[in-house]
Amino acid sequence: MNFLDRLLSFGRIRRARRALAAEPTPSTYLALAQQYAMAGRTLEAQHTCVEGLTAFPDNAQLSRFHQRTHRAEREAHVQRLRRELAQAPRARLWRELCEVLIDSDELSKAEEEVTAWLERDHDPEAYYLLARVLLARYLADRGRDQGRAALAAIEHSLERLPRDARPLRAKLELFSRIGAWKDARDVAAQMLALEPGALELEGRYRTLSARADGAPSVERAMHEVERSGRLADEREPGAERAPGRSALPLLRELAAQPDVQAALYVRGSTALVQGPKGATAERTARAVQSILAGSRAAGRRLGLGQVFQIQLEGSFGTLSIAPGEQDAGALLCSGPLGRAREEALLGMAGLNADASQGDHQS
Amino acid sequence: MIAVLEPLSRLPGVEFVMLISHDGVPIAHAGGTGESEREMSLAALAASWLNDISMAVAPLTWSAPERVCLRAARGTLVLHRSDSACLVVLLGRESSPEDVRLPMDGVLARIERARHGRDAVPRGQVAETPAAPIPSRAEPPAAEEQLSPAPHRGQPPGH
């Protein structure tokens, strides 16, 4: 940014600040944050977004802009680290870079960096970071192969760092998340041997001992996680009550459009259907649930991670499904989906609305 | 066949292209890491997923979908089904399935043309009418059909 731009940006920022002071609305917060971002002051842009989100917590635009500025800040940090690594590579920089990438869920890039580090020198820290990357990938994808790879990497890092509690902690996390309580208890015992008297560990050991009877083996637990797509500490879909937002108005709005044949909201084993009636509505809801379950399993097995959208096209039209963590929105149209409807559908996913009240439930 | 797939695999964002049979047997592939085990498993999983979807929509009396996309955190899988095979394309995180819609249509059209072309008559030859059924299996005409009509009322036919 040249001097003239910087000079002009001062005036724009001042005007945006005054507008915000006169009328604090989401759009004035957003305008000020955008001016800061354009001036390259991403940290101040983030502060403005945080302040705006405190006042208007449900505002999607502010939330999205906050994420974008946060990502831009992180990318700038990664670039800076890469430049330093190119000039003077050393373990501390590799570690920081890998940790930033793992924390920002950029696991492929993190794996590339760790592999490059391992090729350069066989630092035990690199083995531990590789184990963390693979563990994060398994917890996101939940495929059995990824689980085995993560466990192998943890064992490998344990061989390199025998007196370090971090690989053991990663192993404990893996076993606890998949529900292999007996193996988790054994790992907790090993950790207690390393850190005798740690109160948190002792409490954890007692909890795990209570659950160990009849617990599945690691392989069996991984198989179950792959089949169901849920980790042991995740609740059954539908068990958690909705925060009160309803999907019905959005479904009605979508179903009222001329080429929309059906609009559905699926949560656990219940579904809201707008459009078809009676048995057809039930069959449509069942088909969507079945496609959803099959596609989530396929995504895990293919190592593609969390599924964001499934789209089917054929002589029947276009069926688009947007899955959230526990729910999903679906739309069946005669023609193409279109950008606006796609966004509405993506907004429906993750709504966690109550699906037990509506025109139809199956 | 690989020559048909290669232009598609060179498109930006395309990681892997594979042509598979409907039951998941790989026919040809382009791009990718060259790990045959991974390719085999991708082919099998993609075909199994498509079959699951076809079975799920069958109670609605829908035919099997022609194009299926799965957008996920680490990439996108696009399947395009034709009468004879299924084209599988694996895209990177930043690519959209719409980016490969036209190229995939083109590739499948070329594959179908090649398949039909192989069965068709070579250029310069006139297509012949199909041969008659095997004589021994041909039904003889009914006895009445071979007789000429009766010349006068009261006389039997064939005179």
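Every read-out reported here was derived from the displayed coordinates using simple, explicitly stated rules and does not represent laboratory data. The model shown is predicted, which means the values in this text are computed figures rather than measured ones. In this analysis, Cβ positions are derived from the backbone assuming ideal geometry, glycine residues included, and neighbour counts consider all displayed protein chains.
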Fewest to most Cβ atoms within 10 Å: A:ILE310, B:ILE111 sort as B:ILE111, A:ILE310
What net charge is computed for the residues neighbouring A:ARG12, neighbours being all others with C-beta under 15 Å from the C-beta of A:ARG12, Lys and Arg scored +1, Asp and Glu -1?
+4
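Direction-averaged shadow area of the convex hull around the Cα atoms of the range A:3-75, nm²?
4.5 nm²
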Cα-based Rg / Dmax (Å) for the range A:25-130:
17.4, 54
Relative exposure of A:SER176, B:SER54, judged by other C-beta atoms within 10 Å (fewest first)
B:SER54, A:SER176
For chain A, the helices passing both cut-offs (Cα extent along own axis of 30 Å or more, Kyte-Doolittle mean at least -0.5, full DSSP H runs) are A:278-301
Which net charge results when you count Lys and Arg as +1 and Asp and Glu as -1 among the other residues whose beta-carbon is under 13 Å from that of B:VAL68?
+1
Given the options A:ARG296, A:ARG71, A:ARG18, state which has the largest fluctuation in a GNM of chain A using a 10 Å cut-off (strictly under) for Cα springs.
A:ARG18
Under 5 Å, built H, 5+ apart or other chain: amide partners of B:ALA28
B:LEU19
Among A:ASP183, B:ASP99, A:ASP259, A:ASP5, what is the fewest-to-most ranking by other Cβ atoms within 10 Å?
A:ASP5, A:ASP259, B:ASP99, A:ASP183
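Within chain A, which is the longest segment containing none of the GluC sites (Glu not before Pro) that sit in a DSSP loop and have at most 16 other Cβ atoms within 10 Å?
With a cap of 16 other Cβ atoms within 10 Å, the longest stretch comes to A:1-233.
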Would you please give the FRET efficiency between A:ALA256 and B:ASP105, computed as 1/(1 + (r/R0)^6) with r the Cβ-Cβ distance and R0 = 30 Å, to the nearest 0.05?
0.40
Any residue on another chain or 5+ positions along whose placed amide H is under 5 Å from the amide H of A:ASP327 is listed here as A:GLY350
Once you list every other residue whose beta carbon is under 11 Å from the beta carbon of A:ALA180, what net charge do they have if Lys and Arg are +1 and Asp and Glu are -1?
+2
List the GluC sites (Glu not before Pro) within the range B:1-76 that fall in a DSSP loop (any state other than H, G, I, E or B) and whose Cβ has at most 10 other Cβ atoms within 10 Å.
B:GLU35
List the pair-distance distribution P(r) of the range A:248-348, using every Cα-Cα distance, as the percent of pairs falling in each 5 Å bin from 0 up to the bin containing the longest distance, rounded to whole percents.
2, 14, 26, 26, 19, 8, 3, 1
How are the alpha carbon pair distances in the range A:146-287 distributed across 10 Å bins from zero to the largest one, expressed in percent?
10, 27, 21, 15, 15, 10, 2
In deg cm²/dmol, rounded to 500, what helix-only [θ] at 222 nm does chain A give when every DSSP H run of at least 4 residues adds -39500 (n - 2.57) and the total is split over its residues?
-21000 deg cm²/dmol
In 20 Å bins starting at zero, report the fraction of Cα pairs in chain A per bin as a rounded %.
22, 46, 31, 1
